[in-house]
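K.L.:
Sharing a structure here in structure tokens format.
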Amino acid sequence: ENKIIRQRQTRNKTMAGSFNCPDLSRRYERVAIVALLVIAIHGLQFQSTLKGCELLGTEQAQAPIEQERVDPGYLFNGTAIFKAKAQSGKPVSDKVTTHTYEIMYGTHLLPYYHQHPGMKMLEIGLGCNMNYGPGASVWLWKELFPEAELWEAEYDGKCVERAEAKGQLDGFLILVGDQGDPTVLDRWIQDSHGNFDVIIDDGGHTQCQIWTTFEKLWPTVKPGGLYFIEDLQVANQRDYKKSSPTCDGTNLNVPNKLKEILDQLIYANPHSGEVEFLFCQPEACVLKKRP
């Protein structure tokens with residue numbers, strides 16, 4: 001019996017020694033430490049991922065703001081946008097009252113600006129002879145094209161001075177003189193350095209003025225640029241067929257000149273000439289220069 005008791009005591013001591021083994025204890029400690037390190041590393045990686053997602057989300061949120069700094073409606077709703085903006089001003093430009101020029105400007109000019117917000121644009125005609133006074137369109141251009149380089153040309157120098165004194169031409173670069181005089185046009189080209197994205201002829205409207213200006217300024221339009229001509233409906237009226245020292249207006253008819261360009265577009269080699277298209281609407285046309 002004593003022998004059995006001693007065997008049991010020896011076995012119990014052996015088992016106790018097994019569970020109190022220092023090597024096994026240290027092994028458990030190492031496993032625990034490794035486990036804690038793994039958890040910590042995964043925690044840091046998760047936090048880093050969250051921060052990355054936050055930054056990506058911020059960039060994605062900011063990117064559309066930069067991309068859409070120009071109203072995307074300029075691309076597909078330009079006519080309505082142009083007309084609404086023009087009608088919101090005082091005075092309201094005759095471009096959208098007497099005329100329906102929102103068609104060509106909404107269809108071609110607003111989409112062009114959306115693609116080229118830094119465009120260089122020249123309008124001829126401040127509107128000094130309008131019954132509502134000058135400047136009805138200059139404020140419109142500033143509202144619609146805040147990033148563009150805007151030029152305004154006008155025959156009446158005194159009217160320009162008064163408009164400048166009132167601040168109507170703030171943000172515009174000014175050219176003065178008769179658009180029917182080739183030497184004046186040469187000076188305009190020299191002073192402005194040409195290279196226009198867009199030219200709008202809303203000037204004197206005589207056939208000599210329109211065509212002399214077109215012949216001089218069309219070459220200064222950039223490839224892919226636009227040239228607008230307003231008020232073509234007066235072509236056969238006597239007051240608008242006046243001649244100048246360099247132009248015989250007796251038989252000059254600008255719409256007929258544009259028809260010649262149209263014939264070239266339709267019947268000639270489709271890749272020939274500088275004009276990519278000619279778009280006409282009631283009383284006005286726009287030409288696009290081939291890129």
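The values are calculated or read from the model by the stated rules, or taken from the named source; none is laboratory data. Because the structure is predicted, anything quoted here is derived from the model rather than measured. Here the Cβ positions follow ideal geometry from the backbone for every residue, glycine too, while neighbour counts run over all protein chains shown. For the accessible areas, the whole protein counts, side chains as well, though only heavy atoms, and no ligand, DNA or RNA atoms are used. Shrake-Rupley method; radii C 1.70, N 1.55, O 1.52, S 1.80 Å.
K.L.:
For region 120-165, name all the residues that are open to solvent by 60 Å² or more (accessible area, probe 1.4 Å) and more than 15 Å from residue 94 (Cβ to Cβ).
P.N.:
142, 143, 146, 147, 149, 155, 158, 161, 162, 164, 165
K.L.:
Sticking with this one: Could you check residue 280 against (1) over 26 Å from residue 147 (Cα atoms); (2) part of a helix (DSSP H, G or I); (3) not charged (D, E, K, R) and say which number it fails?
P.N.:
(2)
K.L.:
Identify, please: which residue in region 168-226 is charged (D, E, K, R) and closer than 16 Å to residue 126 by Cβ and is, among those, least open to solvent (accessible area, probe 1.4 Å)?
P.N.:
Out of the qualifying residues, it is 201.
K.L.:
If I filter region 71-82 down to residues being in contact with a Phe, Trp or Tyr (Cβ under 9 Å, 6 or more places away or on another chain) and open to solvent by 10 Å² or more (accessible area, probe 1.4 Å), which single residue comes out as farthest from residue 131 (Cα to Cα)?
P.N.:
74
K.L.:
Right, next: Which condition number in (1) in contact (Cβ under 8 Å) with a residue 24 or more places away in the chain; (2) under 18 Å from residue 226 (Cβ atoms) is the one that residue 265 fails?
P.N.:
(1)
K.L.:
Scan region 217-231 and tell me whether some residue there is part of a helix (DSSP H, G or I), touching a residue at least 40 places away in the same chain (Cβ under 8 Å) and within 20 Å of residue 101 (Cα to Cα).
P.N.:
No, region 217-231 contains no residue that is part of a helix (DSSP H, G or I), touching a residue at least 40 places away in the same chain (Cβ under 8 Å) and within 20 Å of residue 101 (Cα to Cα).
K.L.:
Next question. Of everything in region 244-271 that's assigned to a loop (DSSP other than H, G, I, E, B) and open to solvent by less than 50 Å² (accessible area, probe 1.4 Å), which residue is nearest to residue 181 (Cα to Cα)?
P.N.:
Selected residue: 249.
K.L.:
Testing residue 144 on (1) more than 29 Å from the chain's Cα centre (by Cα); (2) farther than 26 Å from residue 248 by Cα; (3) among the hydrophobic types (A, V, I, L, M, F, W, C), one condition comes back false. Which one is that?
P.N.:
Of (1) more than 29 Å from the chain's Cα centre (by Cα); (2) farther than 26 Å from residue 248 by Cα; (3) among the hydrophobic types (A, V, I, L, M, F, W, C), only one is false for residue 144: (1).
K.L.:
Being closer than 18 Å to residue 104 by Cα and of a type in the set (D, E, K, R) is the requirement here; does residue 260 meet it?
P.N.:
Answer is no for this residue.
K.L.:
Hey, another quick one. Answer yes or no: is there a residue in region 97-119 that is part of a strand (DSSP E or B) and either open to solvent by less than 50 Å² (accessible area, probe 1.4 Å) or among the aliphatic types (A, V, I, L, M) (or both).
P.N.:
no
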